[in-house]
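The values are calculated or read from the model by the stated rules, or taken from the named source; none is laboratory data. Quick caveat: nothing in here was measured; it's all calculated off a predicted structure. Here the Cβ is made from the backbone with ideal geometry for all residues, glycine too, and neighbour counts use every protein chain on show. In case anyone asks, the SASA skips ligands and DNA or RNA and just uses the protein heavy atoms, side chains included. Shrake-Rupley method; radii C 1.70, N 1.55, O 1.52, S 1.80 Å.
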Amino acid sequence: IAGATGLTLDSLVILRCRIEYNLRHGVYIGQNLDGIEIIASHLNDNGTTGQLYANIYAELGGGLHILGTFVVQSKGANIHFHAFQQATVTGCYILSATTQNILFTGTAARESGVISVVGNQIHAPSVGTSSASIQLGKGANNAASNVVIVGNTFSVGGGTPSAVVDENSNSHDNTVALNDQLQSTNWFPPPVTMQGLTVMQNGMIAGFTNN
């Protein structure tokens, strides 16, 4: 979804969609857009080329709301905001990213910010990664500011990150509070080769690998 020069899109709802196994990003949201909503959908295993593509990639725009959506096992970050403003991520299940579950980056001219991450279930990145589950800024000029991360539940197990929320030194005015961290030394996330993740009626998630 990308707005051309001089063209804007101010209302779009992606509702109860299943978006999986795309070569690149599952959903790409570009500039000149506003009022995009992803609701009660399921995004998994996008970025099949093996590059660091995200299930949801939003850049250089503003106005995105992700609600009640499963975002599972991308090749890069599950959700990546790049120089993006004004977004909410609420009531989602976000798990088993190859790198970060949620990554905020920016440019020298524009930060990611004014974004709320509230009331989500966020599981550790995949086994073998040292990435934080949420990364606020990464590298020079990649600040993230005015981000609110409140009331989430983090599950930390076999893929324990170096920090649940890691804030870049260039980031500022962020709020990280009232989040629960669940430890389990016997819990291991699914293998990175798992496919076909399906939510069962009792809330568990099933999938397959090597079959």
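Key figures for this structure:
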| item | result |
| --- | --- |
| Residue list for region 21-51, filter: under 22 Å from Thr99 (Cα atoms), in a loop (DSSP other than H, G, I, E, B) and at pLDDT 85 or above | Tyr21, Asn22, Leu23, Arg24, His25, Gly26, Ser41, Asp45, Asn46, Gly47 |
| Of all residues in region 76-96 being open to solvent by 10 Å² or more (accessible area, probe 1.4 Å) and part of a strand (DSSP E or B), the one that is nearest to His123 (Cα to Cα) | Leu95 |
| Pair list, Cβ under 7 Å, 6 or more apart: region 151-164 residue closer than 9 Å to Pro125 by Cα, other residue outside any loop (DSSP other than H, G, I, E, B) and at pLDDT below 80 | Val156/Gln181; Val156/Leu182; Val156/Gln183 |
| Options Tyr53, Tyr57; residue that is open to solvent by 10 Å² or more (accessible area, probe 1.4 Å), more than 20 Å from Gly119 (Cβ to Cβ) and in contact with a strand residue (DSSP E or B) (Cβ under 6 Å, 6 or more places away or on another chain) | Tyr57 |
